[in-house]
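The values are calculated or read from the model by the stated rules, or taken from the named source; none is laboratory data. Computed from a prediction, not measured in an experiment: that's the story for all the values here. So basically every Cβ, Gly included, is an ideal-geometry build from the backbone, and we count neighbours across all protein chains shown. Areas reflect the complete protein model, heavy atoms only, side chains present, ligands, DNA and RNA absent. Shrake-Rupley method; radii C 1.70, N 1.55, O 1.52, S 1.80 Å.
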Amino acid sequence: LELGVHRVIQFGGRGRPSPKVEDIWDIISGKKETELGGPENRLNNNEIFGFDLAFVIRGVDRLVPLARTVQVYAEFGFEDVAGATTGEARVPSRGAELIGLYVPDLFLSAQSDLRVEYARLSSTWYNHGIYSSGFTLDGRVLGHHVGRDAEDLYVRTTRWLTPEWYLGLEGEYRRRGIDRQATR
């Protein structure tokens, strides 16, 4: 079993007041963000946090002769939602989920694998009132490629042909605009 926790804080940047060195603790703790005002506050930031887990199951071939090992994994992310008035505490909203299955030895062969993932990202994910471009750089999302307000089903299998070459087959189904009119 593997467990992980992550937190990303976006602050400063083009068009924003620059924080001072002594502001770093206040940014990390978030305690003064709502005390000092709105968008002009140099401590105002954008955050996402979450946790992930992976569980490895060995000896699967005793039950199903398709693989020796299976890994089941999941990631759950939360978007910060700050209070609208001074002094209100943040109330995180659920923003993203990803669950997956990885089989590193498909058909009992170390040369073949299979991965299946499903992701669901809410309309609040990668979105912020002050950082209007969200978690992006040059128009590209710094995170899951499907972006916000979407879901994605991804399947990939590969087979190593030689030590240098492998053949892969992958497919993906995604829907964007789930909270709006869906597009596929």
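For residue 26, only one of the following conditions fails: (1) at pLDDT below 80; (2) part of a loop (DSSP other than H, G, I, E, B). What is its number?
The one condition residue 26 does not meet is (2).
Test residue 65 against the stated conditions and say whether it is open to solvent by 40 Å² or more (accessible area, probe 1.4 Å) and either in contact with a strand residue (DSSP E or B) (Cβ under 8 Å, 6 or more places away or on another chain) or modelled with pLDDT of 95 or more (or both).
On the way: open to solvent by 40 Å² or more (accessible area, probe 1.4 Å): yes; either in contact with a strand residue (DSSP E or B) (Cβ under 8 Å, 6 or more places away or on another chain) or modelled with pLDDT of 95 or more (or both): no.
So residue 65 fails the test.
Need the failing condition index for residue 83 against (1) of a type in the set (Gly, Ala, Ser); (2) at pLDDT 95 or above; (3) assigned to a loop (DSSP other than H, G, I, E, B), just the number.
(2)
Only residues that are surrounded by 15 or more Cβ atoms within 10 Å (Cβ to Cβ) and small (Gly, Ala, Ser): list them for segment 137-173, please.
143, 147, 150
Take residue 5 and tell me if it is at pLDDT 70 or above and surrounded by 10 or more Cβ atoms within 10 Å (Cβ to Cβ).
Working: at pLDDT 70 or above: yes; surrounded by 10 or more Cβ atoms within 10 Å (Cβ to Cβ): no.
No; evaluated as a whole, the condition is false for this residue.
Restricting segment 117-130 to residues that are assigned to a strand (DSSP E or B) and open to solvent by 50 Å² or more (accessible area, probe 1.4 Å), which is modelled with the lowest pLDDT? Talk me through it step by step, then tell me what you get.
Let us first name the residues in segment 117-130 that are assigned to a strand (DSSP E or B), namely 117-121.
With open to solvent by 50 Å² or more (accessible area, probe 1.4 Å) added as a condition, the list becomes 118, 120.
Numbers: 118: 97, 120: 92.
Among those residues, the one meeting the criterion is 120.
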